[in-house]
Amino acid sequence: MKNLFRLASVAVALFFTSCQSSAQQKDEYSAKIDSLVKITNPRSFNGVVYIQQNGKQKYSKAFGFSNFNKKTPLKISDHFSTMSIAKQITATLILQEVENGTIDLKVPIRTYLPDFQYSWADSVTVHQLLNHTSGLYSDALKPDLKFRSGTEFSYSNIGYSVAGLVLEKQSGKKFEDLVTALFKKCKMSNSFYPNETNSKFLIKGHTIRKDGTFRLNEKSEFGTDYYFGSHLIVTAPDLAKWNEALHNGKLLKPATYKMMTNYSITNTHQVFSENPIGYGYGLRINDKAQINEIGHTGFHPSEGFTALNLYYPKTKTSVIIMENVGNENFDIAYYFEQEVRKIVQESVLLK
């Protein structure tokens, strides 16, 4: 009887120890992120970190201020600019038109924009605009190309502006209406196209100069042609809803989603890897690493925003970081995005 009692006591002790260890292990990434964001060297963090898995919130905290001058505390519900995360939203809308039969990714855009003034419209395709192999320059329309379209990777915001023109022409709808309907479908009730009314929700962006001083930006200086690839208004929790919808078959047919997440070109990016990874349509595809990863960054120092949106298909995990600061020192611009990513990848979240 004494032996049975002793065994039962040991079993109970082991159970509670196991539970305690499991709880500590589960929360380990939270404590590490909490410690990380207190760092002030090489720079300070000012933004929100939001992690969701299988539709359930795993980490949700805001740090710093929405307005440096007024010292207004940031909230997880605050509205940030997507910056280049907008590209995957535009790409999805274009692929929905592909499914409708109104856009062919492989024909020259002259087919859809017959009056376009540049001769390269006779050769550049929507496919090349979406995966940055068009040869267009980054931020300005020019009569010539940097290289023969389809042969190299060169990131181009203006390429998404041109793709957006094709989208509006072939859908017969304004980008604002398309984005509004898409966000509604994804139940992103706190995210918006940046029109005159909605832009008032956007928190202030801050440009951090190389000497450490800052400039508060009262409003976005982007014109509407940049919204296609560089500026929509979202909250971090809504971006997690976007990931759930996009990567789980709610927006595109399986074959179309496969087109979006396949790639024919690779490129390096400091957040993801020292080695080149794939670029699909508005998405970076890191499928050669131990953990399959799909995502994109957003950054514009003069606008004063930095962003990261990651999705891990195996565990249905979203990792979203939105900062209302943009650092002119590019070497440290993505410091916290890189470090949070490392913490998550080494945590039980992705096991």
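The values are calculated or read from the model by the stated rules, or taken from the named source; none is laboratory data. This one's a predicted model, so the numbers in the text were calculated from it and none came from an experiment. Reconstructed Cβ throughout: ideal geometry from the backbone, glycine too, with neighbour counts over all protein chains shown.
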* Asked: When region 37-46 is examined, which residues are found to be over 12 Å from residue 327 (Cβ atoms) and either buried (at least 17 other Cβ atoms within 10 Å of the Cβ) or in contact with a Gly (Cβ under 6 Å, 6 or more places away or on another chain) (or both)?
  -> 37
* Test residue 320 against the criterion of being more than 19 Å from residue 33 (Cβ to Cβ), at pLDDT 95 or above and under 13 Å from the mean Cα position of the chain (by Cα), and give yes or no. => no
* Asked: Do you know which residues across region 223-241 are touching an Asp or Glu at 6+ places or on another chain (Cβ under 8 Å) and either within 14 Å of residue 160 (Cα to Cα) or charged (D, E, K, R) (or both)?
  -> 231
* To do: Would you please list the contacts, defined by Cβ atoms under 8 Å and residues six or more apart or on different chains, that run from a residue in region 117-146 that is in contact (Cβ under 8 Å) with a residue 40 or more places away in the chain and within 18 Å of residue 265 (Cα to Cα) to a residue that is hydrophobic (A, V, I, L, M, F, W, C) and assigned to a helix (DSSP H, G or I)?
  => 126/94; 126/109; 126/163; 126/166; 130/91; 130/94; 130/163
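Among the strands (runs of 3 or more DSSP E) lying completely within region 224-294, list those that include at least 1 residues that are closer than 17 Å to residue 130 by Cα and of a type in the set (Lys, Arg).
284-286
Considering each of 169, 174, 210 in turn, give the residue that is among the charged types (D, E, K, R), out of contact with any strand residue (DSSP E or B) (no Cβ under 9 Å at 6 or more places or on another chain), farther than 24 Å from residue 78 by Cβ and touching a residue at least 40 places away in the same chain (Cβ under 8 Å).
Numbers: 174 fails: touching a residue at least 40 places away in the same chain (Cβ under 8 Å); 210 fails: out of contact with any strand residue (DSSP E or B) (no Cβ under 9 Å at 6 or more places or on another chain).
Testing whether each residue is among the charged types (D, E, K, R), out of contact with any strand residue (DSSP E or B) (no Cβ under 9 Å at 6 or more places or on another chain), farther than 24 Å from residue 78 by Cβ and touching a residue at least 40 places away in the same chain (Cβ under 8 Å) leaves just 169.
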* Structure fact -> The condition from (1) farther than 23 Å from residue 339 by Cα; (2) in contact with a helix residue (DSSP H, G or I) (Cβ under 7 Å, 6 or more places away or on another chain); (3) of a type outside the set (Lys, Arg) that residue 45 misses is numbered (1)
* Asked: List pairs: first in region 47-75 and in contact (Cβ under 8 Å) with a residue 24 or more places away in the chain, second surrounded by 13 or more Cβ atoms within 10 Å (Cβ to Cβ) and among the acidic types (Asp, Glu), Cβ under 6 Å, 6+ apart or cross-chain?
  -> 47/323; 66/78
* Within region 319-347, how many residues turn out to be touching a Lys or Arg at 6+ places or on another chain (Cβ under 6 Å) and aliphatic (A, V, I, L, M)? -> 2
* Structure fact -> Among 266, 317, 256, the single one that is β-branched (Val, Ile, Thr) and touching a Pro at 6+ places or on another chain (Cβ under 6 Å) is 266
